[in-house]
Every structure is written in C-alpha cells, then in structure tokens.
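The values are calculated or read from the model by the stated rules, or taken from the named source; none is laboratory data. Being a predicted model, the structure only gives us computed values, none of them experimental. A quick note on method: Cβ atoms are made from the backbone with ideal geometry, for glycine too, and the neighbour counts reach across all protein chains shown. Please note that ligands, DNA and RNA were not included when accessible areas were found on the heavy atoms of the full protein model with its side chains. Shrake-Rupley method; radii C 1.70, N 1.55, O 1.52, S 1.80 Å.
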Amino acid sequence: MKILIKNGLLVDPSQKINKIMNVEIHNGIISNLHTKKNINEKIFDQVIDAKGLVVAPGLVDIHVHLRDPGFKHKETIDTGSHAAVAGGFTSIACMPNTSPANDQPRITKYILDKSKKVGLVNIFPIGAITKSLNNLKLAKIIENIKAGCVAISDDGFPVSNSRLLFDAMILAKKNSFPVVSHCEDCSFSVDGVANEGSFSRKYGLKGIPNISEELGIIKDIAIAEYTNAHLHVCHVSTENSVEIIKEAKSRGVNVTCEATPHHFTISENDIKDCDSNYKMNPPLRAKRDVVAIKRGLIDGTIDVIATDHAPHSAEEKKAGFKNAPFGITGLETALPLSLKLVHDKKISLSNLISLMSTKPSKIININRGSLRKGLHADLVIFDMNRKIIIDKKMMYSKSKNTPFDGIKLKGKVIRTILKGKTVYSSI
Ligand code: DOR
Ligand code: ZN
C-alpha cells in the first residue's frame, strides 16, 4: 500500500522542517519526504492533495480521561477514540481514575485490548501511583509499567503523602518513566469549587486559592530534586506556578509541565451565568494568570499543551456550579483554541506542533510526534485558516461539557491518519 500526500505545508519540528513537501507512505511507514515536482502518481494506491493545508505529525495528548472501565455513561474507549481523531490526535495517554482505578496490569491490559479493537488512535495508559488512588499504599507500579503503562499519576488528586511520592519517584528514576502529578495542597482547597477571586466572591462560592496549587508544586519539585526523578506537572494554572517551575528548571531539576487550552484562553471573568461547564480543577484563574500561562508557553517554561479532556454527562453537570463534578471535554476543541496563539502571533506554527506533538511524545517516551523516515505514518492534515464555529452537537465525545460551544475560531482538522490509514476525514 503506497500513499502520497502532496503539496502540503509540512511542519515537523523534530526534523526542523517547515516547507511545502510531499510525504510518501509505504505500508503504514513514512518512506520518503521530498520536494520533487514531477511525480509519477500512478505508482501510488492513494494520492491526497494537501495544497493549502498543513501536514504535521499526529497530535499527542498526554492528559485524557477515557472513563472506561467504570464510567461508560461519560465516555468509552470507543467514543473517546473517535473524539481524539476528530481533534487531530493520533496518540493519547489516559489517566487511571477509572473504576476500578488503573492500579494493576489487569486494567492496563483491558484498556490496551479495547483500544486495539477500536483501532483509531494509539492509547497509552497511565498507571496509578497509589492503590485505588487512596494515598495509603503504592499501586503495583512496576508490574503496571511492564504491562504497558508509560507513566504514573493519581490525577484528580495529589499524592499528599510525601513519603509515598518519594517511594514512587525512586521507582520512576530507576526505571526511567515520568511521575505525572496533579499538584494541590487540599488543606487550602478543600470544598472549593471555583478560583478564589471575583467569580467566587460574586456568587458566594468557596474558593480554591492559587497557593493550593503552588504549594503542591513546591513539594513535588523538592522530592523530584531529591530523587532526580522526572516530575511532570499537570495543568499549570497560576502565575507563581510558572515562576516556580521556571526557577526549578534553571537549577537543573528534572521537571516538565503542561497547560490546558482552557487555562490559556479564558479566565474566571468569562464564566457565564454560573454555568458548570466552566467548572474544572484547577479552576479558571484570574486574567493575570492567563497572561502568565501564555508567557510560559512562549518562553518555553511550559513544555506541552494537554487537554485534561474530562467528560461528564449532562445530568451530572446539571447539579449546579457547587455540586457538579469538575472537568470539561477538550479533545475536539484543542487544536483551534491553540491555533489562536499562532493567529495572534504569540508563537509560531512550528512551535505549536512542538507543544502538541513533538514534546508530549518525548515526555512519555513514545516513538511518535515525528515524521522521520522509518517511523509510523501518524499524521494530521488541517486547514489553519478555515473559519469554524464550535458546535457541541457535532462532537464525537459522549459528553458535551464544553464552555466553548458556539464560539468562532480558525482551524479545522481535514484528515487524521494512523499508520497510513485514514481514521478521520471531514471531507
Ligand atoms: O477538572 C478536572 N477533572 N480535574 C481533575 O483533576 C480531574 C478531572 C476528572 O477526572 O474529571
Ligand atoms: Zn485530569
């Protein structure tokens, strides 16, 4: 099976490529990249004309909640996979806060088997740090890594027991995998439902102060520095968090971090009518925090964009701002929201692909995020200038809990290709 993708703007930061090029795929593998003009198209089984479009390595999201097993009314591996490819993602890593939690090889095997059956997107499970995410005892970490997990995390909650986190980091260092941490000091955030700020004050809601996140990051960085393990900080949302991580990096601490599209796009001031589709943890922060997250993306302190795709049913979200669960969907809005940084001339297109594909692959040590000859042909083809209106009714995710419904953006996924096979096409 030979495929030609011709005339696209090839953007592959892993090879410093940013020009009009043709891509040849042979049996699911990138076989050639070139600028030849007179190509004998007859030798190809499929020719895709990408004129006027961007051709990039498939996007990689290292922070996704797939909800399966246990919460299939919110999302399944099948619906989550469809949402991923519709968003241009070819690889996603899924968090272990399922039911049961992914704290042992049996669950990892279940996810891997199911994801292979669906066959749309590469799914890389993340194993739990503590058994049942209960903060009392380590999960079967090494067994789970051997079964196929690429990292460990108790995301949704912090590992507040410092000694347990230390023990986990010792294992992580020894076996070269990252510890992905939801950093939060819950003694400051307990019962909080929104950022401690203008919105929470206006509606009399219990606040989540910036310091709850920052204390969590400071503690985790201290343990990473002590053990030399790779700490990856989830969903950074405050100005000081960015500064703390920047300073740790400058001292040589092995720390990386991510920001979500919602945290660099909207602030607490944008929350409409106490709509619980604006409720997530960490919460939407103040304007100056949003500016700082953007700055962190521009200056490289923030390594990757990750969605924290957190589907919840309409029923659950109906419970009101105070009682609804935290989380919003993200897979199908991430690319156009992030492209706004390019359209606003904050970062280059190449930088964006690096933030959404090259660097996330490196963090979880997967051989993706590149269109180098010999690698899997996982690609996304998109029109960066096409005007779109976000429409939650058109989304593939089982849940529609997004605050971005109806907004106008630029950027449309045209085709997503996994190992040479088109797994999503919008034309
Ligand atoms: O908003 C969130 N939703 N934050 C988390 O930490 C967990 C996630 C979820 O699982 O719903
Ligand atoms: Zn999460």
Quick calc, the stretch 268-427, dipole around Cα centre from Cβ unit charges on Lys, Arg (+) and Asp, Glu (-), nearest 20 debye, gives 480
Ratio for the stretch 225-360, C-alpha Rg to 2.2 N^0.38 Å, reads 1.09
Given the candidates A310, Y396, L337, the one whose Cα lies deepest towards the positive end of the charge dipole of the stretch 307-398, counting +1 at each Lys or Arg C-beta and -1 at each Asp or Glu C-beta, is L337
Given Cβ charges of +1 for Lys and Arg and -1 for Asp and Glu, the option among S241, P261, N210 whose Cα lies farthest towards the positive end of the dipole of the stretch 187-333 is N210
Computed on Cα atoms only, the convex hull of the stretch 162-269 has an orientation-averaged projected area in nm² of 7.0
Per principal axis, largest first, the Cα atoms of the chain extend in Å by 66, 47, 43
Treating only Lys and Arg (+1) and Asp and Glu (-1) as charged, each at its beta carbon, one finds that the stretch 1-110 has a dipole about its Cα centre, in Debye to the nearest 20, of 280
Judged on accessible area alone, 1.4 Å probe, highest first, H235, H73, H343 line up as H73, H343, H235
For K74 the rounded accessible area (nearest 10 Å², probe 1.4 Å, non-protein molecules ignored) is 20
With +1 on the Cβ of every Lys and Arg and -1 on the Cβ of every Asp and Glu, the dipole magnitude of the chain about its Cα centre, in debye rounded to the nearest 20, is 1280
The whole-number value in µm²/s of the Stokes-Einstein translational diffusion coefficient for the stretch 1-152, with Rh from the Kirkwood sum over alpha carbon pairs at 4 °C and 1.567 mPa s, is 74
Counting every C-alpha pair in the stretch 76-147, the percent lying more than 19 Å apart is 33
Counting only protein heavy atoms and leaving out ligands, DNA and RNA, the solvent-accessible surface of E213 at a 1.4 Å probe, in Å² to the nearest 10, equals 10
Once all protein chains are kept in place, Y278 shows an accessible area at probe 1.4 Å, nearest 10 Å², of 10
Of the convex hull enclosing the alpha-carbon atoms of the stretch 258-304, the direction-averaged projected area in nm² is 3.1
Unit-weight point scatterers at every alpha-carbon of the stretch 321-393, Debye formula, q = 0.23, 0.27 1/Å: log10 I(q)/I(0) is -1.16, -1.30
